[in-house]
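Below is one structure, written out as structure tokens; comments come after it.
A short reminder: the numbers here are calculations on the coordinates, not readings from a lab. As the structure is a computational prediction, the values presented were derived from the model and not from experiment. With ideal geometry, Cβ positions are generated from the backbone for all residues, glycine too; neighbour counts draw on all protein chains shown.
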Amino acid sequence: MTNQINSDIVAFILHHNQASDCAYVGGDTKNVNADIAEMDTYTIFASPNLQSYDSLCLVDTYTIGSKRVNEIWGPFGNQKAALLTEVIQPNNRYEMLIKSSEPFIPTITEKYGFSLVETYNQLEFNNRNRQQHETDNTNVNKVKEILFERDSAAIAECAAIHQTCFPDSSSFSDIVSNLTANTKLLVFQSDQVVLGYFLFELREQSGWLSLEYLAVDPDQQRQGVATALFEYVINHFDFSLISLMQPISHQAAFKFYQSVGFTLTEQYSHLRLDN
């Protein structure tokens, strides 16, 4: 057990991420280090020892209200179930996002009492999809990039749409307050009124575009707003891959992403242990 990050640990995470061994999509060394730096408290578990890196697990610990939460990154490697024996401690809450096909899921569900919260589709749009994509520029001229420090009125309108579309998520103001310099916000406006927005992070070193939120006013859905926002991204930003996690219960959103060229690459299970 250690609490020290080094280049070997980062390389191990990236290697297994590229092999679709986990749900982490940071993409490169810079992003892994940045994401870990944002954690309040983290612990690294490795088995059988730190020199061999046969298996590795990173646990991010934080507090929600009065409840301490341990978010598990991984486990990565060959001895996942065995490593979790070292990780799981009594009277703690754990959250984990793991590939749904992992054979050890029934074992940890029975042994520890993990329950399934949600299943997610991992969707990707890469350069091959881009080349095959038939562009529809009908409404793209109604899309523009918003500067967070200047366009307070537009951001307020985005916040209202966000609250309607994602009532159980963090508030839009909280999301904006934690943005990185690489985060972009696009809005679709008609008669100076925001009808939808696209919030994403462009990871420069890897060229990955991480889609955070895409939302449209419910009264304006199926009118080409989301398509226009997506077309703007294709036409104005250089990226190698767009990756996102979509709950399988959101069938309408899933059909939209398929319609613009996203492909289903994997399914992940969000597991929770609440002792």
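The table for this structure:
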| quantity | calculated |
| --- | --- |
| Largest-first ellipsoid semi-axes for the stretch 51-148, taking √(5λ) over the Cα gyration tensor eigenvalues, angstrom | 38, 20, 14 |
| Length added when fully stretched, V193-A252, from 0.36 nm per residue minus Cα-Cα | 18.8 nm |
| Sites S240 and R68, calculated FRET efficiency, Cβ-Cβ separation with R0 51 Å, nearest 0.05 | 0.85 |
| Within straight-line cross-link reach of K111, lysines at Cα separation under 19 Å, skipping those fewer than 8 residues along the same chain | K80, K99 |
| Peptides ranked, highest mean first, by Cβ atoms within 10 Å: ranges 68-77, 190-199 | 68-77, 190-199 |
| Built amide H within the under 5 Å cut-off of W73, gap 5+ | L58, V59, D60 |
| The stretch 125-266: C-alpha gyration tensor shape, a/c 1.5 cut-off, then a/b vs b/c | rounded |
| Residue list for the stretch 58-75, given a label point 7 angstrom along the Cα-to-Cβ vector of E266 and an amide N cut-off under 19 Å | 58-60, 71-75 |
